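These notes are about the structure you will find just below.
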Amino acid sequence: MSAFDLVFAVFGLLLGLAIAEVLGGFARVLKLKRAAKPVRIGWLTPLLGLFVMLDLTSFWGTAYVMRDQMDASYLTLVIVLAIVGVYHLIASLIFPDEPEQWPDFDDWYDRQNRLVIGGLLGINVATMIGQGVLDAIHPLPQAPAGPAGDIGFLFYAGGALSLFALLIALLFVHNRRWNVAMLVALNLILLSASILEDYI
């Protein structure tokens, strides 16, 4: 068993639970469609839930890429526990536990979005710092240089900068329409990165 297998045998479960938390929220929303009491769901909460699921999947992929650089030390386990624990916490905040008590989900979003967005921003910054530290301690073999590598780097750097800029903007912009637009952009960035990753 490799060090990566040991780390993810423990924390893969927590990542799965975080994804299940978001999916459970979507399930509760779908059940509300048949409820007697009308509830306005809107776009904000579902878009935030989708983004968290895509970001969780991206983290899982990033961890897999770093698998040969990870050791199974206690420090590694604590760092991964902290990151995955924050993911699980923010996943539990996206949808209300008792959705029928919230006639407008946009009001729930207004109450919770800064905690969720701040947590996502912190996780992504921590992940990038962790990647940098692991690259410095245990560098991976370099891919051959060339136009495809340059384009891939520019795509990755541009996507990361856009992602961070939008997350920071979401912390400060209170207009719901702008929040919808930024959440759509964030989801498109992660989706396009996942689709184009194998082609660049």
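The values are calculated or read from the model by the stated rules, or taken from the named source; none is laboratory data. The structure displayed is predicted, hence computed values, not measured ones. Glycine also receives a Cβ, built like all others from the backbone with ideal geometry; neighbour counts cover every protein chain displayed.
Please give the number of the condition P96 fails out of (1) within 20 Å of the chain's Cα centre (by Cα); (2) part of a helix (DSSP H, G or I).
(2)
Considering each residue of segment 157-180, count those that are within 17 Å of the chain's Cα centre (by Cα) and of a type in the set (F, W, Y), and give that number.
Of the residues in that region, 1 qualify.
List every residue pair whose Cβ atoms sit under 8 Å apart, with the two residues 6 or more apart in sequence or on different chains, where the first one lies in segment 158-183 and is over 18 Å from W108 (Cα atoms) and the second, anywhere, is at pLDDT below 95 and surrounded by fewer than 14 Cβ atoms within 10 Å (Cβ to Cβ).
Going by the 8 Å Cβ cut-off, the qualifying pairs are G159/S192; A160/M128; F164/V125.
Check segment 69-77 and report whether any residue there is surrounded by fewer than 20 Cβ atoms within 10 Å (Cβ to Cβ), closer than 28 Å to L170 by Cβ and of a type outside the set (S, T, N, Q).
no
Give segment 42-76 a look and list any residue that's not acidic (D, E) and not in a helix (DSSP H, G or I), or say none. Walk me through how you get there before you give the answer.
Of segment 42-76, the ones not acidic (D, E) are 42-54, 56-67, 69-70, 72-76.
Matches in segment 42-76: G42, W43, M66, R67, Q69, M70, A72, S73.
Looking at L15, is it surrounded by 14 or more Cβ atoms within 10 Å (Cβ to Cβ), of a type outside the set (D, E, K, R), within 15 Å of I123 (Cβ to Cβ) and in contact (Cβ under 8 Å) with a residue 60 or more places away in the chain?
Numbers: surrounded by 14 or more Cβ atoms within 10 Å (Cβ to Cβ): yes; of a type outside the set (D, E, K, R): yes; within 15 Å of I123 (Cβ to Cβ): yes; in contact (Cβ under 8 Å) with a residue 60 or more places away in the chain: yes.
For L15, the condition - surrounded by 14 or more Cβ atoms within 10 Å (Cβ to Cβ), of a type outside the set (D, E, K, R), within 15 Å of I123 (Cβ to Cβ) and in contact (Cβ under 8 Å) with a residue 60 or more places away in the chain - is met.
Looking only at segment 23-58, which residues are in contact with a Ser or Thr (Cβ under 9 Å, 6 or more places away or on another chain) and modelled with pLDDT of 85 or more? Quick ask: steps written out before the conclusion?
Within segment 23-58, the first condition is being in contact with a Ser or Thr (Cβ under 9 Å, 6 or more places away or on another chain), and the residues that meet it are 25, 29, 54, 57-58.
The answer is G25, L54, T57, S58.
Can you find even one residue in segment 88-109 that is in contact (Cβ under 8 Å) with a residue 60 or more places away in the chain, surrounded by 13 or more Cβ atoms within 10 Å (Cβ to Cβ) and within 18 Å of A9 (Cβ to Cβ)?
Scanning segment 88-109, I find at least one residue that is in contact (Cβ under 8 Å) with a residue 60 or more places away in the chain, surrounded by 13 or more Cβ atoms within 10 Å (Cβ to Cβ) and within 18 Å of A9 (Cβ to Cβ), so the answer is yes.
What about R40, is it under 29 Å from V180 (Cα atoms) and in contact with a strand residue (DSSP E or B) (Cβ under 6 Å, 6 or more places away or on another chain)?
Values: under 29 Å from V180 (Cα atoms): yes; in contact with a strand residue (DSSP E or B) (Cβ under 6 Å, 6 or more places away or on another chain): yes.
For R40, the condition - under 29 Å from V180 (Cα atoms) and in contact with a strand residue (DSSP E or B) (Cβ under 6 Å, 6 or more places away or on another chain) - is met.
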